[in-house]
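Shown next, in structure tokens, is the structure this report addresses.
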Amino acid sequence: MESNDLFDPRPKVKKNVLPENPEAKQSGRIVNNGRFPSWLHRKLPKGDLLWKTNQILGQDHLPTVCEEAKCPNLLECFSKKTATFLTLGKECTRNCGFCDIDFSKTPKALDKDEPQKVALASKKLGLKHIVLTMVARDDLPDGGAGQLSNIISEIRKEVPGGTVEVLTSDFEENYDAIDTVISSDIKIFNYNLETVRELTPRVRHKATYERTLNILKYVKKKAPHLLIKSGIMVGLGETKEQVFEALADLQKAGCDVVTIGQYLQPNPKKLRVKAFITPKEFEEYSTYGREIGIKFVYSGPFVRSSYNADLVQRKFEENK
């Protein structure tokens, strides 16, 4: 199954944006010299749905990971009247080297009305597949699992025919909290590996490579009916061999779907992009992942965990 043939995330290539680099032909990547390569340039979307999406989300001041994490796909997704909700507030208790979400050791209290707000916004947007991500809330005894479960319950009332995908934190490996989430009425459990083993201490704050794999294995065993998903970023200085190792580890952990996308520096204080990975190398990762038994690999420069999540879910079901 050629995952990138299903819906190609790559924009049309513009010529002469970046000079040809002999190293890129050999290594499959271009060293960051301060300029985006041609495949990272894209046209702005058209239409009035962008304004409507902003209006719906703005009514209750609902944060989205699209905005808070400065996702490069924001305009495209909003113009299609889709968004990924950022739950449990806008402040994260972890300060990862790649993420632009606000960091706070003492985040604001949870909004008791958040479950209903998210559910109603999902209904107004007409979402059939609702994606919920969350900030890490290490300040809470359950890591926010109860709030996330309440949000899912409200969505079920307002959008009874929809499917729900959650992109969670590790809950500090609190398996009672994880059980709370996976016992909710969800379709997909997503927890990102983020990067290769060797770069994890520099890229992630508190989360570890092995803990991530342990959680994915646990959920696969405890809830085999769920679709298990994870993702990594590339361009942080990893080698191809390290990416292959990460894919093999995710396959062994029971992942059904893996996303691979280009890391882009969200602000000057965050980790610098070391290399821009070519579409050809992204396809190599996709091919390798499928060859070792991962059922669906969505790999490309603009791919993110929740990008085209509804299509990924639908295509996976069609090709099971």
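Grab the other residues whose beta carbon is less than 12 angstrom from that of L120, score K and R as +1, D and E as -1, and report the net.
In short, -1.
Per residue of the chain, what 222 nm ellipticity follows from adding -39500 (n - 2.57) for every DSSP H run with n ≥ 4, rounded to the nearest 500?
When only DSSP H runs of four or more count, the value is -10500 deg cm²/dmol.
Percent antiparallel among DSSP beta bridges with both residues in the stretch 162-320, to the nearest 5?
Given both bridge residues lie in the stretch 162-320, the antiparallel proportion sits at roughly 0 percent.
Full-extension gain between K280 and N267, please, as 0.36 nm times their residue separation minus the C-alpha to C-alpha distance.
That works out to 2.0 nm of additional length.
Length gain on complete extension for the stretch R314 to T106, per 0.36 nm per residue less the alpha carbon to alpha carbon distance?
Answer, rounded to one decimal: 71.0 nm.
Pull out the extension gain between A248 and I292, defined as 0.36 nm times the separation in residues minus the alpha carbon to alpha carbon distance; nm, one decimal.
Working it through step by step, the gained length comes to 15.1 nm.
Tell me, what is the FRET efficiency for K90 and N174 to the nearest 0.05, using R0 = 25 angstrom and their Cβ-Cβ distance as r?
0.65
Calculate how steeply helix 114-125 sits against the longest principal axis of the alpha-carbon atoms of the chain, using the helix alpha-carbon long axis, and give the answer as 0 to 90 degrees to the nearest 10.
60 degrees
When the accessible area of the chain is split by element with a 1.4 Å probe, what percent falls to carbon and sulfur?
Carbon with sulfur: 51 percent of the solvent-accessible area.
Return one number: the angle in degrees, 0 to 90 and rounded to the nearest 10, between the long axis of the Cα atoms of helix 240-252 and the longest principal axis of the Cα atoms of the chain.
30 degrees
Given contacts defined as C-alpha pairs under 8 Å and at least six residues apart, what's the relative contact order of the chain, whole-number percent?
19 percent
Viscosity 1.002 mPa s, temperature 20 °C: give me the Stokes-Einstein translational D for the stretch 139-205 in µm²/s, with Rh taken as the Kirkwood radius over C-alpha pairs.
162 µm²/s
For Cα extents along the principal axes in Å, which listed value, [x] 74, 49, 32; [y] 58, 39, 37; [z] 56, 44, 42, comes from the coordinates shown?
Entry [z].
Can you bin the stretch 161-286 into rounded, prolate or oblate? Criterion: square roots of the alpha carbon gyration tensor eigenvalues sorted a ≥ b ≥ c, rounded for a/c under 1.5, prolate for a/b above b/c, oblate for the rest.
Cα axes put the stretch 161-286 in the prolate bin.
What is the count of Lys pairs in the stretch 129-285 whose alpha carbons sit under 17 Å apart, if the two are 8 or more places apart or on different chains?
Close lysine pairs under the 17 Å cut-off: 17.
The values are calculated or read from the model by the stated rules, or taken from the named source; none is laboratory data. Small disclaimer: the values here were computed from a predicted structure and weren't measured. Don't worry about glycine lacking a Cβ; one is built from the backbone with ideal geometry, like all the others, and counts go over all protein chains shown. Ligands, DNA and RNA are stripped out before the accessible areas are found, and what is left, the full protein with its side chains, is counted by its heavy atoms. Shrake-Rupley method; radii C 1.70, N 1.55, O 1.52, S 1.80 Å.
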